[in-house]
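Have a look at the structure below, then the notes.
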Amino acid sequence: MATAHTTGIIALMKAARPTLPPTVLRVLLMDSTRPFPDLSCNTALCGSGIVDAFLAIQATLDAPEPKTAGGGCSINLAQKPDISLLLLLSGIFLFRSGCLSRL
């Protein structure tokens, strides 16, 4: 269940700030998690914490614009919502089929 929720939050983050690269989104997502209520579940065992959609999107909106050297390609998911859904479903499919575990 957590994979679907996390993927959905990342899609919302990307829609809010389409120019942010995946590495920045990952850091923002991990930094915006809430601590586990159960002290036996530490970051080495359970990950960086419990995802918080509001905090992750707020952190995304507050993040400075990345400096780029030019070139590259970005998709504005806010203007193309069908693509964000396609990316979300593709990520879930790849994860469930085990393709992402081999990367």
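The values are calculated or read from the model by the stated rules, or taken from the named source; none is laboratory data. Bear in mind that the values here come from a model prediction, so they are computed numbers and not experimental data. Cβ placement follows ideal geometry from the backbone for every residue including glycine, while neighbour counts extend to all protein chains displayed. When the accessible area is computed, the model is the full protein with side chains, heavy atoms only, and any ligands, DNA or RNA have been set aside. Shrake-Rupley method; radii C 1.70, N 1.55, O 1.52, S 1.80 Å.
Of everything in segment 1-23 that's open to solvent by less than 30 Å² (accessible area, probe 1.4 Å) and assigned to a helix (DSSP H, G or I), which residue is farthest from P66 (Cα to Cα)?
Per the stated criteria, the residue is G8.
How about segment 30-46: which of its residues are under 21 Å from L20 (Cβ atoms) and open to solvent by less than 40 Å² (accessible area, probe 1.4 Å)? Lay out the reasoning, then the answer.
Residues of segment 30-46 under 21 Å from L20 (Cβ atoms): 30-33.
Those that are under 21 Å from L20 (Cβ atoms) and open to solvent by less than 40 Å² (accessible area, probe 1.4 Å): S32, T33.
May I ask you to list pairs of residues, at least six apart or on different chains, whose Cβ atoms are under 6 Å apart, with the first in segment 16-37 being charged (D, E, K, R) and the second being surrounded by fewer than 19 Cβ atoms within 10 Å (Cβ to Cβ) and not in a helix (DSSP H, G or I)?
R34/G49; R34/I50; R34/D52
What do you reckon, is R26 open to solvent by 30 Å² or more (accessible area, probe 1.4 Å), touching an Asp or Glu at 6+ places or on another chain (Cβ under 6 Å) and on the phi < 0 side of the Ramachandran plot? Full working, then the answer.
Details: open to solvent by 30 Å² or more (accessible area, probe 1.4 Å): yes; touching an Asp or Glu at 6+ places or on another chain (Cβ under 6 Å): no; on the phi < 0 side of the Ramachandran plot: yes.
So R26 does not fit the description; no.
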